[in-house]
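What follows is a single structure, written as C-alpha cells, with notes after it.
The values are calculated or read from the model by the stated rules, or taken from the named source; none is laboratory data. Keep in mind that what you see is a predicted model, and the values were worked out from it rather than measured. Counting neighbours? That spans all protein chains shown, and the Cβs are built from the backbone with ideal geometry, glycine included. Heavy atoms of the whole protein, side chains included, go into the accessibility calculation; ligands, DNA and RNA do not. Shrake-Rupley method; radii C 1.70, N 1.55, O 1.52, S 1.80 Å.
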Amino acid sequence: MSNTIKRRSLLKLFPAYIVAPAIIVSTAKVAGCAPAPISNAGKTVILSTWNNQKANNLAAASAQNGKNIIDSIVEGISHVESDIEDMSVGKGGRPDREGDVTLDSCIMDHEGNAGGVCFMKDIEHPIQVARDVMYHTPHVLLAGEGATNFALSRGHTKTNLLTEAGAKALEAWKVESKYKPIPNIEQHDTIGMIGIHDGKVGGGCSTSGLAFKMQGRVGDSPIIGAGLFVDGDAGACTATGMGEIMMKNLSSFLVVEYMRSGDSPTEACRKAVKRVADKIKGSKKDQQMGLIALDKDGNIGGYSVLPGFVYAVTIDGKTDVLEADSYFDKIE
Ligand code: GLY
C-alpha cells in the first residue's frame, strides 16, 4: 500500500466504503455542505487508527459476546501487539537505537479511571498491563523495570520482543544513524482504539514508539490527555503520529473538551489539528498527527495534519476504512 492512500484507491480496496452512507456523511468531505449529523445512539461503535480492521472486528465481536467496552478494546489491541508484521506496536516493534524494544500504552474508561505503562521491556501485551494498573493499583502510570515487574506479578511472562526483522532494520539504520521520522510509515503507527458499547465509552492505545528512538524516549501513547482521553459525559479521542506534538498540546484532551462544548467529533479533531498546524514552520514532513474521536452518542470523526491518515470504523458489526481530511494537502 502506498504511503498516501487516496480516497479513489480506498474505494477499490474497501468497496464497502461506497455502501456506508451513514459513515461517509459523518466523517468524510462533502463538497459544499456541512456533514449531516448521524446518530449512532444505542449502537456499538469501534474506531481505531490506521487499517486495523481485524482488531476492530475482534473488539466488536467481543462486545457482542457480552464483554464490556474496556475488555473488548483490550482484546482488539492485544491482537495487534502479537502481530510481528506490525513494526510499531508490541512484539516485532522496531527497537530503540540500543536494540531494545520498549513499549508504551494506556487505557481509560467512562468513569475517568486510567492506567498506563511506559518504557516497558520484555512484555508482549502492554495494553493488558495498563488495564491492570488502572484496576489493581492506586497509580496511573508505571515505567521501565517497575512496569515489567508489575506485569510479571500479574502473571505475564517475559517475551523477546525483538524479531529478526527488527534487528536487521536497526543494523540498516546504523549505517547512517539519521533520526528521520517518516509520516504514515507503512500506513500504521500506534494503534489507538476508542469505542462505545452499552452506552459506555472507553479507549486504549499501544505502541513501540518511534523506530530507533533514543533510549528512554517515551511518546504520547501512555500519557492520558495526549495519546488518549475518555470522558463518559463527552466522548473519547485517541491520537497517532509524532508523539511529541500531542504531548505538547494535550491534543486528545482538547478534542474531548471541544466535543463537550458542542463540536462534532470531526470539527473537534479539525480544531485540535489546526492549533498544531498553524504553528508549523518549514518542513512538515515529520509533523504528522492523526486524531479520531467519538462522542457520547456514538458519532465519529477524524482529522490529520498531513494527508494519508486512515482509520477503521465498525458500527454494529460492519467495518470500513476511511481516510481523514487533512489540514495540508501535501507532505512537503
Ligand atoms: N505516537 C507514538 C509515539 O510517538 O510514540
Exercise. Can you name the strands (runs of 3 or more DSSP E) wholly within region 104-222 that have at least 3 residues being within 16 Å of the ligand (Cβ to nearest atom)?
Worked result: 114-120, 191-197, 200-207
Problem set entry | Matching entry among 176, 186 (being open to solvent by 10 Å² or more (accessible area, probe 1.4 Å), under 30 Å from residue 299 (Cα atoms) and modelled with pLDDT under 95) | 186
Exercise. Which of the residues spanning region 108-118 are of a type outside the set (S, T, N, Q) and farther than 19 Å from residue 155 by Cα?
Worked result: 108, 109, 110, 111, 112, 114
Problem set entry | Test set (1) in a loop (DSSP other than H, G, I, E, B); (2) open to solvent by 10 Å² or more (accessible area, probe 1.4 Å) - residue 93 fails condition number | (2)
Problem set entry | Of residues in region 124-139 being open to solvent by 10 Å² or more (accessible area, probe 1.4 Å) and within 19 Å of the chain's Cα centre (by Cα), the one nearest to residue 157 (Cα to Cα) | 124
Exercise. Among the residues of region 275-320, how many are out of contact with any strand residue (DSSP E or B) (no Cβ under 9 Å at 6 or more places or on another chain) and not acidic (Asp, Glu)?
Worked result: 10
Exercise. Restricting attention to region 210-247, which residues are within 23 Å of residue 306 (Cβ to Cβ) and more than 17 Å from the chain's Cα centre (by Cα)?
Worked result: 212, 213, 217
Exercise. Can you find even one residue in region 71-90 that is closer than 20 Å to residue 61 by Cβ and in a strand (DSSP E or B)?
Worked result: no
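Here is a yes/no grid of residues against (1) crowded, with 22+ Cβ neighbours inside 10 Å; (2) among the β-branched types (Val, Ile, Thr):
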residue: 263; (1), (2): no, no
residue: 285; (1), (2): no, no
residue: 288; (1), (2): yes, no
residue: 313; (1), (2): yes, yes
residue: 323; (1), (2): yes, no
residue: 327; (1), (2): no, no
residue: 332; (1), (2): no, no
Problem set entry | Odd one out for residue 244, checked against (1) within 8 Å of the ligand (Cβ to nearest atom); (2) closer than 30 Å to residue 43 by Cα | (2)
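Within 16 Å of the ligand (Cβ to nearest atom), of a type outside the set (S, T, N, Q) and in contact with a strand residue (DSSP E or B) (Cβ under 9 Å, 6 or more places away or on another chain): does that describe residue 272?
Here the answer is yes, as residue 272 does meet what is asked.
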Problem set entry | Subset of region 49-90 (residues that are within 16 Å of the ligand (Cβ to nearest atom) and surrounded by 21 or more Cβ atoms within 10 Å (Cβ to Cβ)) | 49, 50, 52, 77, 80, 81, 86, 88, 89, 90
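Tally up the residues in region 223-241 that are open to solvent by 10 Å² or more (accessible area, probe 1.4 Å), in a strand (DSSP E or B) and more than 8 Å from the ligand (Cβ to nearest atom), please.
Here the count works out to 3.
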